[in-house]
Every structure is written in structure tokens, then in C-alpha cells.
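Student: Here it is: the structure, laid out below.
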Amino acid sequence: MTLVGELVDIQEALALTATRLASEIGADAILILTETGKTFDLVAKNTFASSMLRRAVGFSRRSIKFVAATPNQETFERLKKNPHAKVIKQALRAPSRIGQIQRAVWRALREQILWPGELIVCLVGDASLPGGTDTVFVYRITEPEAKVVEVIEGDPIMEAIVELAVELSTELRQENKFLHGAGFIVGDTKAVLRNSTQLAPNPFEGHQVFVNNAKDREVIKKFSFLDGAFVVEDIGRVVAASRYLTADAAVNIPRGLGTRHQAIAAMTAATNAKGVTISGEDGMIRVFLKGQIVARIDPKSKMLFEVLMDQPG
């Protein structure tokens, strides 16, 4: 047997295993992460082409969602034409299998395809290899994940700031530059400005610079060396840099995090703003809401939102 034939046999076996397992455990959905769409086609073939198989695995007696996630535009357009498919277009695909699943799940939550509490069977594999599907994974969607989606994936401005923070942390460390950290406060701008003071002349006063504008990101990065925090409006415009945050609110953040994290956490507790910090020690990115850390991201992995909330530090 050729290598191609062997891969097809493996994928067919995995597709059949996923459909049978989904029926046996009462799953709400099957999630297929695919580059070319072939793994989804195999699942569809196993599920819909044979009435005997449908009776064997029980899909004729219950409704189940078939969700495909792909970074490939051509695959996305093709699978959208399948009446049985709910298709997600991903901008990034994480190298780890659990990272791939989490980002696909969060995107599906954002698009209201999947919901907290649902049980899903996932088909996933090596994102860098054609025909790389090699794992069947059972995943229960949690309520904390819905909060991550609400704070980040559901807010394009927060998503842009987190991406900017990942870029900034990664670039500075690649250049072996000392990273003293940075902080962003997003939204509820009037309250934030009332609870902060200017440490140095504001380089963004009177300018139209937006975090969600790719051309403006380099300008923002150039002022990351300033002490204090960036203040960003809900629409993405940078109102100020070098703001000293003076909000007074009791917060409980993990030991070892510095005054920047404390100030950002306090501001999000005292106002309706959200916060993002880059640690000056390890480059780790943290997202804050209502005085709490709701997400932690390791920029070294180049994966966004890799670590869920409700985990230590």
C-alpha cells in the first residue's frame, strides 16, 4: 500500500470512529479541523451516504451539528455549499492540537454555532501536514470559555490589542531588547481619564491612531517604552499613552505580578474598562475584566488565547 493510501485508510477509520463515538456518548456536535476539507468529506460520507450506517450510529434519531474549521479560503467556500456543514473560517491555526480545538471552539461560540455546556467530538491533527488528521478528542465547552469569547473574541478591538501585544512582546524579545512591560486600558474612557493622570506629554493628543489599523500599530509600538498605560476608546482610537492609573479598588491578583498589573486590575474593577498587560519579566500577556485575570497568553508559542481563565496566575 502506498503512503497516500495508508493515510486515506487512517482518516477514514478516524472519521468512522468519530461518528460512532458521537452517537454513543450523546455528543451535540462533531468538530472537524481541516485544511483541505477531505476529513470533513469522509465524516459526511460515513454519516450521510449510507442509510445502514445512519441506523447503526443512531444519527437518524437525533440532531447533531457538523462543524468544519479551516484557515483555507477555498476550502471554506466549498464547504459552505454543503447543507449539512456549519463552517468557520480561521485566521490562525495553533500548532498544538488542544490549541487548535480551543480557537475553533471559541470562534464557534462567537458565531453562535456552539454553546457552553455542549459536548463535542473533535477530529484534529498536525496543522502543517496535508492529511495530518490523527486524533479523536472529546471536549466539553465550559462557561469560562464563553467569558473569554465575550471579552476577547467577541470584541474586535480587544482582539486587535491582544494581537498587538503578542507582536510587541515577540518582536522586542527577538531583538534582545529589554522589555519593561506595557499596559492597555480599553473602553469607559471618561471614567478612566478621571482616574488617571498624565506622566509625560501625550503623543496621541489630537491624532487619529487606531489599534485596529495595521498601519498605526508600528506607531503605537514606538511609544511602548513610556511609563504608564495606553488608554484606548471602544472604537479603537488611542486617546493617550503614559497614563498613571490611580483607580482605588481592592483586587486580588497572583503573587509575583508587579504594580502595572495591580493598577490595570484596579482600573477594570473601578470602571467598565477592560485591560491588557505585557509582563516585563516573562513577556506573558494577561487580560483583565472586573478586577480579575480572565485570560493568559504566552506569546512565545505565537498562539493567542492559549490559556483559559480560572487557572493560576
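The values are calculated or read from the model by the stated rules, or taken from the named source; none is laboratory data. None of these values were measured; they are calculated from a predicted model. Virtual Cβ from ideal backbone geometry, glycine too; neighbours counted across all protein chains shown.
Student: Would you call ASN252 modelled with pLDDT of 90 or more and either farther than 16 Å from ASP188 by Cα or surrounded by fewer than 21 Cβ atoms within 10 Å (Cβ to Cβ) (or both)?
Tutor: no
Student: Can I ask one more? Quick one: how many residues across the stretch 69-86 are buried (at least 19 other Cβ atoms within 10 Å of the Cβ) and within 25 Å of GLU143 (Cβ to Cβ)?
Tutor: Residues flagged as buried (at least 19 other Cβ atoms within 10 Å of the Cβ) and within 25 Å of GLU143 (Cβ to Cβ) within the stretch 69-86 amount to 1.
Student: Output the number of residues of the stretch 203-219 satisfying the condition of being surrounded by 16 or more Cβ atoms within 10 Å (Cβ to Cβ), over 22 Å from the mean Cα position of the chain (by Cα) and either modelled with pLDDT of 95 or more or among the hydrophobic types (A, V, I, L, M, F, W, C) (or both).
Tutor: 2
Student: Here is a follow-up. What number of residues within the stretch 255-279 are surrounded by fewer than 22 Cβ atoms within 10 Å (Cβ to Cβ) and part of a strand (DSSP E or B)?
Tutor: Final tally of qualifying residues: 0.
Student: Where in the stretch 133-195 are there helices (runs of 4 or more DSSP H), lying fully within it, with 2 or more residues that are hydrophobic (A, V, I, L, M, F, W, C) and at pLDDT 85 or above?
Tutor: By residue number, 156-174, 189-194.
Student: Consider only pairs whose beta carbons are under 6 Å apart and that are at least six residues apart or on different chains; among these, list those whose first residue lies in the stretch 220-240 and is assigned to a loop (DSSP other than H, G, I, E, B) and whose second residue is of a type in the set (Phe, Trp, Tyr).
Tutor: Between residues of the stretch 220-240 that are assigned to a loop (DSSP other than H, G, I, E, B) and residues that are of a type in the set (Phe, Trp, Tyr), the close pairs are GLY228/TYR244; GLY236/PHE210.
Student: Working carefully through the options ALA270, ALA263, find the one that is in contact with a Ser or Thr (Cβ under 9 Å, 6 or more places away or on another chain) and modelled with pLDDT of 85 or more.
Tutor: It is ALA263.
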